[in-house]
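Everything on this sheet refers to the single structure shown next.
No value in this document is a laboratory result; all are computed from the given coordinates. Given the structure is predicted, the values throughout are model-derived calculations rather than measurements. Positions of Cβ are generated from backbone atoms using ideal geometry, with glycine treated the same way; all protein chains shown enter the neighbour counts.
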Amino acid sequence: MKFPNDFLFGGATAAYQVEGATKADGKGRVLWDGYLEKQGRFNADPASDFYHRYPEDLALSKQFGLNAIRVSIAWSRIFPKGYGAIEQRGVDYYHKLFAECAKDGIEPFVTLHHFDSPENIYEDGDWLNPANIDHFVDYAKFCFKEFPEVKYWITINEPTSSAVQQYVTGTFPPNEKYNFHKTFQAEHNLNLAHARVVNAYKAMHLAGQIGIVHALQTVYPLDPASAGDQHAADLQDTLDNRVFLDGTLAGHYPDETLQLMREILVANRQADIQISNADEAELQEAADQLDFVGVNYYFSKFMKAYNGPSETVHNGTGKKGSSISRLQGIGESGLRPGVPVTDWDWPIYPKGLYDQLMRIHQNYPNIKNLYITENGLGLKESLSPDQHTIQDDKRIDYIQQHMNAILQAMQDGVNVKGYFIWSLQDQFSWTNGYNKRYGLFYVDFDTQKRYPKKSAYWFKEMAETHTVP
Ligand code: BGP
């Protein structure tokens, strides 16, 4: 089985995770700056110094057979306060970046928001404040006009990660836990912000395409024969996936989704959320015009019934077996015997990617184009002085299994048009810092020198032959 001729093979990045230069050229502060300063574990400088080294990373991409890249624009490089005055040096930087992409024949897929709300926006309530949606739409419209060289736009990266990590697991600032009311309100507001940007883009009649990127964790009952486990899986799926898939792909929330959401709110004695008729019209209009959906897939979840209070422990160090996830009114995450897990307790389950692609294909038939916008394996890696490369056979095995799952889904009718590995080069990880490496290219964070890993050579072969080696 072969990938079609026009299939894109890319590497993924995000501004805050690669650029570094967080204070350069008038960039405004973002929600992470203050939080990471206070936490004192690590920060995003210099990350992979992509702000200065993008020509080198793009040249490497070309050399290793890649023909696409995911980048994001840092909102606060363009509008340091999120709105108002424009910072021309930020605008110039992205023009230079896109020109370099064009020179190397690398198609940029450009995300407008990848977890990095400007500090002002964040302090004013982030996605919970409707006024911030207006600011986001203004910033997006500015970018659409300013950067006609961009042909593929992504509105928001992983709205689920923002909402759930901000207000359920507390692993993203403002680090609130178990506030399902804020989570679902943020989820709906993110859907709405996305929809308004899609509708604004389409009203401008530009030549490109626009989509959204969702992190989709396929959720299964731990014991398929248990009705309680099945219900826990449905509730977790609502929190992680369903509100977003329905809101952005179908353009409305079916009664079943609303009921499951309310069941979680009632079980936690938390207030219902606000969804107006005008919001629903906006969602529908956007879903009808959406050009593509990006799927980020890393792992699946196996749920069992649970009736106690919420308790979560985040594994942010790679200490295998240290994570806990039990949510009141939802369920508990378990491990299915025989399914391997990473050091970060993520079950490796390629069938979950196949099942998720088939689900979109079957349940959201209006979605014609899909991209895998992130997939990859985080590992602890270090290059000793006598080594020239990283022997990351585990990563190759992981990608190989997931590429085969994608090919299988394509054979079964899903139109997957490209694959972006997370990540292009080693980069900063939000909750892990620098000890969780995903890159095709190893980065020595002291010298910023790049070293292609064994997986980069494997990826090159795949991109050149359009088959899975
Ligand atoms: C996705 C994000 C990325 C990236 C990746 C790996 O959720 O879009 O920004 O960080 O996950 O996650 P982590 O670094 O936590 O392993």
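Loop-resident trypsin sites (Lys or Arg not before Pro) (DSSP state other than H, G, I, E or B) in segment 367-428 with no more than 13 further Cβ atoms inside 10 Å of their Cβ: Lys368, Lys380. Out of all DSSP beta bridges with both ends in the chain, state the antiparallel percent to the nearest 5. Taking every DSSP beta bridge with both residues in the chain, the antiparallel ones total about 30 percent.
Annotation: amide H of Gln328 within the under-5 Å range of Ser310, Glu311, sequence separation 5 or more or interchain, hydrogens built in the peptide plane.
Candidate cross-link partners of Lys81 among the lysines, defined by an alpha-carbon separation under 18 Å and a same-chain spacing of 8 or more, comprise Lys23, Lys27, Lys141.
Would you mind putting 352-362, 295-305 in packing order, based on average other-beta-carbon counts within 10 Å, highest first?
Details: 352-362: 19.5, 295-305: 22.5.
Highest-to-lowest ranking by the protection proxy: 295-305, 352-362.
Working note: Debye formula, equal point scatterers on the alpha-carbon atoms of the chain, no solvent; log10 I(q)/I(0) at q = 0.06, 0.11 Å⁻¹ is -0.23, -0.86. With R₀ fixed at 41 Å, the C-beta to C-beta distance from Glu280 to Lys151 puts the FRET efficiency at about 0.85. Lysine pair count for segment 332-462 (Cα-Cα distance under 27 Å; residues 8 or more apart in sequence or on different chains): 29.
Efficiency by 1/(1 + (r/R0)^6): what FRET value for Lys449 and Thr317, r their Cβ-Cβ distance, R0 = 45 Å, to the nearest 0.05?
Computed FRET efficiency for Lys449 and Thr317: 0.95.
Take the Cβ atoms of Ala102 and Ser382, set R0 to 30 Å, and the FRET efficiency comes out at 0.30.
Each peptide in 259-272, 424-437 receives the mean, over its residues, of other Cβ atoms within 10 Å, and ordering these scores from highest gives 424-437, 259-272. Packing order of peptides 203-210, 178-185, highest average first: 178-185, 203-210 (average count of other Cβ atoms within 10 Å over each peptide's residues). What is the Cα centroid distance between segment 216-261 and segment 75-94, reported in whole angstrom? Cα centres, segment 216-261 to segment 75-94: 38 Å.
How charged is the neighbourhood of Leu335? Take every other residue with its Cβ under 12 Å from the Cβ of Leu335, and add Lys/Arg as +1 and Asp/Glu as -1.
Combined, the nearby Lys, Arg, Asp and Glu give +2.
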